[in-house]
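Please treat every number below as a calculation from the coordinates, not as lab data. Please read these numbers as outputs of a predicted model, since none were measured by experiment. Counting neighbours? That spans all protein chains shown, and the Cβs are built from the backbone with ideal geometry, glycine included.
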Amino acid sequence: MALKSVRCFLIMTMILGILIGIQIKSPYQISSDGSFIMRDTITKINKERIESYALMKQKKAYEREIEKLEDKASDENEALMEYKDKADYLKNLMGYTSVEGPGIRIIIDTHDDRNLAYLMEERKLFIILVNELKSEGCEAISINGQRINSMSEITLAGNHININSVAIAPPYEVNAIGNSAKLLNYVNTKSPIIDIMRNGYNLSVNFKVENSLILPKLDYIKSPEYIKEVL
């Protein structure tokens with residue numbers, strides 16, 4: 001009977017060890033005291049990574065289609081003009097051309113001398129804000145004059161943030177082209193990340209509706225080096 005109890009104890013110890021090992025090796029382990037904001041942020045970052053890989057593959061297909069459509073485009077034929085319009089749409093989508101339209105301007109700053117760049121990157125506030133604007137139908141976005149597309153990186157570089165490998169500094173100006181009334185209503189009343197920035201981190205976040213926003217094109221096009229499309 002004693003031997004049987006010892007065996008049961010050893011088996012339970014082994015199972016407990018395996019479970020602890022699995023928990024330690026988890027790549028996205030969140031401590032028990034982790035905040036809801038951080039857990040939600042990590043979930044959104046993981047989703048953004050998956051979407052980025054899919055968009056990188058789609059970008060190559062867009063580029064091939066653009067080349068084909070531009071070769072066929074001609075003002076002399078209405079049908080061919082439709083191809084040109086589609087090519088222009090794809091260029092705008094990828095940030096290859098400057099765009100203009102109504103939208104909203106968002107200014108983000110601090111009330112004190114904190115390093116705003118570190119806070120925005122550590123909490124992934126820019127990434128979440130961009131995703132929220134896209135979910136509300138925003139058609140084009142720029143941050144401090146840097147156009148955002150599926151290949152844009154937003155990273156902390158020392159004491160400042162780099163976007164598209166260009167350093168930007170506070171105050172941060174986010175320009176978003178889309179339905180002005182819808183976007184203003186969203187950031188004023190429905191945006192979780194705006195509420196967090198204002199009430200959670202005591203940031204200054206102000207909005208202004210613009211009848212005409214001009215968003216610049218990307219200075220250079222970043223192409224993936226290693227992925228290949230599998231037909």
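Evaluated at q = 0.19, 0.23, 0.24, 0.28 Å⁻¹, the base-10 log of the normalised Debye intensity for segment 140-205, with identical point scatterers placed on the Cα atoms, takes the values -0.91, -1.14, -1.17, -1.20.
Taking a spot 7 Å from the Cα of HIS111 along the direction of its beta carbon, which residues of segment 178-217 have an amide N less than 11 Å from it? Flagged as within label range: 198-205.
Each peptide among 92-98, 150-156, 131-137 gets the average number of other Cβ atoms lying within 10 Å of its residues, and from highest to lowest they stand as 92-98, 131-137, 150-156. Computed from the alpha carbon positions, the gyration tensor of segment 94-161 leads to an equivalent ellipsoid with semi-axes of 23, 14, 12 Å, biggest first.
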